[in-house]
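**Q** Below you will find the structure I want to go over with you.
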Amino acid sequence: MIQRIQSIYLALAFVVMAVLPFVFPLWNENNKEVYFMTNILYTVFFGLSTSLAVLSLLSFKKRQNQFVLNRLNIILNLILLGLFVYRTLSISGGANAPEKGIGMFLPIATILLLVLANRAIKKDEDLVKSVDRLR
């Protein structure tokens, strides 16, 4: 059923990964904002994460499948976050050092939303199992 709380969490995860990267820059370099589209690897990871969120949202009848897709999406966002951390740590300092933007923290928000969705899916699954035991 699409009106469950995990659907709201997954819709918010979709918005965070599909809409907000266009709004918030990843970092500022030489007083110029750098968005995720400048690097093909970031674009692919954001696109995959968005598509997994939509796929998970649309597979609301199969809770176990939804749970697995969310875990894959969490792993994908952890990899993306690792790439951002590596990029941040490998930048040399100085007067023209790039500043971090809020866009680098979008995978953290997505991971949080996906964990909340998985928790709600697990509660639904436990409820269905408990009702099946009573039959």
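**Q** Could you list, in sequence order, the residues of segment 39-74 that are hydroxyl-bearing (Ser, Thr, Tyr) and either more than 18 Å from Lys100 (Cβ to Cβ) or surrounded by fewer than 20 Cβ atoms within 10 Å (Cβ to Cβ) (or both)?
**A** Thr43, Ser49, Thr50, Ser51, Ser56, Ser59
**Q** I've got another one for you. Condition first: part of a helix (DSSP H, G or I), touching a residue at least 12 places away in the same chain (Cβ under 8 Å) and in contact with a Lys or Arg (Cβ under 8 Å, 6 or more places away or on another chain). Can you find one or more residues in segment 64-79 that meet it?
**A** yes
**Q** Something else about it: Name the single residue, out of those in segment 1-38 being free of Cβ contacts under 8 Å to residues at least 40 places away in the same chain, open to solvent by 80 Å² or more (accessible area, probe 1.4 Å) and not in a helix (DSSP H, G or I), that is farthest from Phe84 (Cα to Cα).
**A** So, considering only residues that are free of Cβ contacts under 8 Å to residues at least 40 places away in the same chain, open to solvent by 80 Å² or more (accessible area, probe 1.4 Å) and not in a helix (DSSP H, G or I), the one farthest from Phe84 (Cα to Cα) is Gln3.
The values are calculated or read from the model by the stated rules, or taken from the named source; none is laboratory data. Given the structure is predicted, the values throughout are model-derived calculations rather than measurements. A quick note on method: Cβ atoms are made from the backbone with ideal geometry, for glycine too, and the neighbour counts reach across all protein chains shown. For the accessible areas, the whole protein counts, side chains as well, though only heavy atoms, and no ligand, DNA or RNA atoms are used. Shrake-Rupley method; radii C 1.70, N 1.55, O 1.52, S 1.80 Å.
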